[in-house]
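In what follows, a single structure is set out as structure tokens and then discussed.
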Amino acid sequence: MDRRDALMKLFSAKGVKVNTNRGEAYYNRLKEMMQKRLDELSNTPAVTKTDINKVLDAEGLSRRDFMKWASAITAMLMLPASFTPLVAKAAELMNRVPVIWIELQDCAGNSEAILRSDSPTIDELILETINLEFNETLMAAAGHQAEEHLDEAMKRFEGKYLCVVEGSVPIGAGKEWCTIGARGETFEKHLLRVSSKSAAVVAVGTCATFGGVPAAAPNPTGAVGVQDIVKGKPIINIPACPANPANITGTILHYVLTGQIPELDHLNRPKFAFGYRIHDNCERRAHFDAGEFVEEWGDEGAENNWCLYKMGCKGPMTFNNCSIVRYNSGTNWPIGAGHGCIGCSEPQFWDKYATERPMADSHFKAPTGGVEKTVDEFGLGLLSAAGIGIAIHAALSATAGKKEEEK
Amino acid sequence: MRPGYKKVERMTTFMRINHWVVAICMVAAIVTGLYIGHPYYQTLISEPAVNKYVMAWNRWVHFMVAIIFDVSSIVVAYLYFFSRFEKPILKILPTPKNIVEFVMVFINLITFNRVKKFDSSHADSFNTVYFLIFHLLLAWMLFSGLQLYVHGLESGHSSIGDWWPWVLHLATDWTVTVTGGTYMDVRYWHHISMYFIIVWVMFHIYYQVWRTIFWQEGDIAIVFGGSKFVKDNK
């Protein structure tokens with residue numbers, strides 16, 4: 001980032017305020033626009049044969065389940081309840097939006113989270129029906145055949161497809177060791193080529209958004225997020241490790257509905273998902289305010305589901321909706337399972353959030369360099385140095401000093 | 001009054017009240033701030049939560065003293081320029097006279113009062129610059145603290161209106177960028193700065209006591225009675 005960009009960023013950081021009531025006129029206009037967009041989409045031919053209704057039938061889910069899901073997603077997207085039929089229709093038209101999903105330095109954890117869950121939720125099924133043109137993990141093709149298919153899809157849906165990226169981009173020394181495909185394209189070139197012809201780029205998971213685990217100190221590959229590489233394209237970041245399928249579906253649905261990207265915060269995260277802190281909707285919040293903390297794993301506090309702040313929970317400084325949406329069909333989430341939040345949806349989370357200790361006990365690089373200390377250790381060192389200095393000055397004053405004499 | 005000495009006014013009533021309010025707030029902010037950063041007492045005492053708000057009360061006290069600090073800081077910043085008593089800004093500007101005075105007072109300190117070549121009847125440049133360091137640290141705590149505070153107002157609403165979180169974002173979002181780009185960095189630096197302030201307070205108290213002992217002008221009385229005594233050379 002050059003200086004100008006840095007300065008602009010410094011003074012233009014947006015808050016995370018989410019305006020959930022913009023008045024009737026606004027919503028009427030929005031509804032009209034969405035209606036028009038959906039009509040246009042339904043007139044285009046479906047690119048895949050997968051139909052959401054067939055998928056739901058196969059899983060034994062009723063139309064009623066589907067509508068219940070649609071109203072929940074409407075609420076999540078912060079739209080009034082009258083938008084539910086539109087959201088349902090958009091979900092049915094998901095097979096008209098081409099998606100090219102590429103993987104870079106990652107563990108495929110986001111794909112796994114979506115595709116391999118035990119009992120798929122409608123969120124996950126929706127992603128089965130999208131027109132997934134290219135995905136290394138899923139497709140049968142390999143080598144030149146896969147490359148050809150990618151080229152063809154990019155050409156056919158030029159300017160229309162969503163480019164979903166999973167994984168970070170190595171740009172440091174040795175980046176040429178990370179190549180993909182039969183042509184040996186580096187990750188950076190691959191990303192730039194595929195994103196250049198897309199309508200928008202969706203960075204899924206913390207690696208793709210902020211570099212994530214590969215970017216953790218000492219960041220041997222010089223890993224960065226998609227937004228550091230791709231310029232001049234709308235970028236939506238859906239961080240977390242893994243990104244919640246509900247947030248991915250919500251973002252794609254928003255795109256299907258409006259043809260636009262949702263309202264984003266200063267880190268390009270959709271506000272509907274990242275507009276509030278884990279802490280504020282946490283089921284253990286009352287224990288935080290009461291000062292009741294788990295002191296060690298398995299103690300009385302842990303048995304009573306007390307607050308995990310002292311075990312290093314970073315819920316108070318992490319913006320995400322896990323505490324509401326949860327994971328795995330809403331079964332549970334880390335804090336519900338008794339482990340604190342590690343702040344996986346925030347930048348540099350591995351180095352600065354996932355320390356498993358409260359902030360005051362977390363190790364950080366002391367300003368003196370190299371040595372890792374906690375803030376309190378550094379502070380006590382500072383106080384000791386000052387105390388010694390004062391003691392020496394006092395002793396020398398007492399022995400060598402000169403008191404003013406009265407005349 | 002002892003013959004040969006004259007009384008000089010050094011702190012107005014307001015300055016003295018402000019000093020002690022700030023001193024008490026400082027102790028309260030450190031005690032509660034350490035608890036917020038790492039809750040160090042009361043986890044397993046008493047029954048399950050019934051009207052028990054240990055963290056909530058600590059945060060309440062921390063925010064209350066913070067607001068008192070903020071208001072005091074605004075007044076002090078005004079007085080730097082417009083005080084009718086002594087304008088500190090005149091002692092901070094790097095004029096040749098101020099630089100000489102600053103150096104002479106510093107020499108006085110490191111020679112253990114063997115050399116004293118300045119007029120100690122009014123606020124000197126060294127002490128004023130030292131206070132400026134404190135006020136800058138306090139301003140930093142104000143901005144970084146309000147940034148941490150506004151994270152809890154993510155709805156964009158507050159009891160005093162939507163303008164408040166908006167102003168806080170506008171005024172404090174830069175603290176995230178300058179500390180390293182994450183909300184954790186602001187917390188680290190807010191916490192580390194507390195130690196710098198404690199170091200500042202340690203030397204401040206030591207220096208005022210030291211002056212009282214070695215200068216024999218009753219400097220420690222300034223903050224209570226508002227005046228000290230200097231030799232009358234007339």
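Looking across B:121, B:144, B:158, B:125, one residue alone is on the phi < 0 side of the Ramachandran plot and in contact with a Pro (Cβ under 9 Å, 6 or more places away or on another chain). It is B:158. Among the residues of segment A:272-281, those identified as in a loop (DSSP other than H, G, I, E, B) and either surrounded by fewer than 22 Cβ atoms within 10 Å (Cβ to Cβ) or in contact with a Gly (Cβ under 6 Å, 6 or more places away or on another chain) (or both) are A:276, A:278. Scanning segment B:22-36 for residues that are at the interface with chain A (Cβ under 9 Å from one of its Cβ atoms) and surrounded by fewer than 19 Cβ atoms within 10 Å (Cβ to Cβ) gives a single hit, B:34.
Sort out which residues of segment B:189-208 are farther than 16 Å from residue B:28 by Cα, at pLDDT 95 or above and β-branched (Val, Ile, Thr), and write them in order of number. Of everything in segment B:189-208, those that are farther than 16 Å from residue B:28 by Cα, at pLDDT 95 or above and β-branched (Val, Ile, Thr) turn out to be B:199, B:205.
The selection criterion, being more than 10 Å from chain B (Cβ to nearest Cβ), part of a helix (DSSP H, G or I), in contact (Cβ under 8 Å) with a residue 24 or more places away in the chain and of a type in the set (A, V, I, L, M), holds for residue A:324.
Number of residues in segment A:152-171 that are over 23 Å from the mean Cα position of the chain (by Cα) and not acidic (Asp, Glu): the value is 7.
So residue B:57 ticks every box in (1) over 30 Å from residue A:313 (Cα atoms); (2) within 14 Å of another protein chain (Cβ to nearest Cβ); (3) of a type outside the set (D, E, K, R) but one. Which box is left unticked? Residue B:57 satisfies every listed condition except (1).
Looking at segment A:282-293, is at least one residue assigned to a loop (DSSP other than H, G, I, E, B), within 11 Å of chain B (Cβ to nearest Cβ) and over 27 Å from residue A:362 (Cα atoms)? Among the residues of segment A:282-293, not one is assigned to a loop (DSSP other than H, G, I, E, B), within 11 Å of chain B (Cβ to nearest Cβ) and over 27 Å from residue A:362 (Cα atoms), which makes the answer no. When each of B:150, B:186 is tested for being closer than 30 Å to residue A:380 by Cα, buried (at least 17 other Cβ atoms within 10 Å of the Cβ) and more than 8 Å from chain A (Cβ to nearest Cβ), the lone residue that passes is B:186. On the given criteria, is residue B:52 away from chain A (no Cβ under 14 Å), at pLDDT below 90 and buried (at least 17 other Cβ atoms within 10 Å of the Cβ)? So residue B:52 does not fit the description; no.
Given the structure, is residue A:137 within 19 Å of residue A:113 (Cα to Cα), part of a helix (DSSP H, G or I) and either without any contact (Cβ under 8 Å) to a residue 12 or more places away in the chain or not basic (Lys, Arg) (or both)? When the stated conditions are applied, residue A:137 does not pass them.
Within segment B:189-223, the set of residues being more than 10 Å from every other protein chain (Cβ to nearest Cβ), within 18 Å of residue B:6 (Cα to Cα) and out of contact with any Asp or Glu (no Cβ under 7 Å at 6 or more places or on another chain) comprises B:218, B:219, B:220, B:221, B:222, B:223.
Looking only at residues in segment A:327-364 that are part of a loop (DSSP other than H, G, I, E, B) and of a type in the set (Phe, Trp, Tyr), the one that is nearest to the other protein chains (Cβ to nearest Cβ) is A:353. Being surrounded by fewer than 22 Cβ atoms within 10 Å (Cβ to Cβ), assigned by TED's automatic domain parsing to the domain that holds residue A:145 and in contact with a strand residue (DSSP E or B) (Cβ under 7 Å, 6 or more places away or on another chain) is not true of residue A:251. Of the residues A:333, A:297, A:306, which single one is more than 15 Å from the chain's Cα centre (by Cα), at pLDDT 90 or above and crowded, with 24+ Cβ neighbours inside 10 Å? A:306 is the lone residue from the list that is more than 15 Å from the chain's Cα centre (by Cα), at pLDDT 90 or above and crowded, with 24+ Cβ neighbours inside 10 Å. Looking at segment B:82-99, which of its residues are touching a helix residue (DSSP H, G or I) at 6+ places or on another chain (Cβ under 8 Å) and not in a helix (DSSP H, G or I)? Those that are touching a helix residue (DSSP H, G or I) at 6+ places or on another chain (Cβ under 8 Å) and not in a helix (DSSP H, G or I): B:85, B:87, B:88.
Every residue, every condition in (1) basic (Lys, Arg); (2) in the same structural domain as residue A:263 (by TED's automatic domain parsing); (3) closer than 16 Å to residue A:188 by Cα, yes or no:
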site: A:201; (1), (2), (3): no, yes, yes
site: A:204; (1), (2), (3): no, yes, no
site: A:217; (1), (2), (3): no, yes, no
site: A:231; (1), (2), (3): yes, yes, yes
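Any residue at all in segment A:103-118 that is free of Cβ contacts under 8 Å to residues at least 12 places away in the same chain and among the acidic types (Asp, Glu)? No, every residue in segment A:103-118 fails to be free of Cβ contacts under 8 Å to residues at least 12 places away in the same chain and among the acidic types (Asp, Glu). Each residue in segment A:257-271 was checked for being in a helix (DSSP H, G or I) and surrounded by fewer than 23 Cβ atoms within 10 Å (Cβ to Cβ), and 2 of them qualify.
Counting only helices (runs of 4 or more DSSP H) that fall entirely inside segment B:118-221 and contain at least 3 residues that are touching a helix residue (DSSP H, G or I) at 6+ places or on another chain (Cβ under 7 Å) and either free of Cβ contacts under 8 Å to residues at least 12 places away in the same chain or under 22 Å from residue A:361 (Cα atoms) (or both), the qualifying elements are B:125-150, B:174-179, B:183-215.
Being surrounded by 16 or more Cβ atoms within 10 Å (Cβ to Cβ), more than 23 Å from the chain's Cα centre (by Cα), assigned by TED's automatic domain parsing to the domain that holds residue A:252 and farther than 24 Å from residue A:334 by Cβ, is that true of even one residue in segment A:137-147? So far as segment A:137-147 goes, yes, one or more of its residues are surrounded by 16 or more Cβ atoms within 10 Å (Cβ to Cβ), more than 23 Å from the chain's Cα centre (by Cα), assigned by TED's automatic domain parsing to the domain that holds residue A:252 and farther than 24 Å from residue A:334 by Cβ. Each residue in segment A:306-320 was checked for being outside any helix (DSSP H, G or I) and away from chain B (no Cβ under 11 Å), and 3 of them qualify.
Condition first: surrounded by fewer than 24 Cβ atoms within 10 Å (Cβ to Cβ) and either in contact with a Ser or Thr (Cβ under 6 Å, 6 or more places away or on another chain) or hydrophobic (A, V, I, L, M, F, W, C) (or both). Now tell me which residues in segment A:163-174 satisfy that. Write out each step before concluding.
Looking only at segment A:163-174, we keep the residues that are surrounded by fewer than 24 Cβ atoms within 10 Å (Cβ to Cβ), and these are A:171-174.
If the condition is that a residue be surrounded by fewer than 24 Cβ atoms within 10 Å (Cβ to Cβ) and either in contact with a Ser or Thr (Cβ under 6 Å, 6 or more places away or on another chain) or hydrophobic (A, V, I, L, M, F, W, C) (or both), then A:171, A:172, A:173 are the ones that fit.
Residue B:167 meets the conditions (1) over 30 Å from residue B:93 (Cβ atoms); (2) surrounded by 17 or more Cβ atoms within 10 Å (Cβ to Cβ); (3) modelled with pLDDT of 90 or more; (4) out of contact with any Ser or Thr (no Cβ under 6 Å at 6 or more places or on another chain) in every case but one. The failed one is (2). When the residues of segment A:37-96 are filtered to those that are basic (Lys, Arg) and under 29 Å from the mean Cα position of the chain (by Cα), the one that is farthest from residue A:257 (Cα to Cα) is A:68.
The values are calculated or read from the model by the stated rules, or taken from the named source; none is laboratory data. These numbers come from a predicted model, not from an experiment. Heads up, the Cβs are rebuilt from the backbone with ideal geometry, glycines too, and the neighbour counts pull from every protein chain shown.
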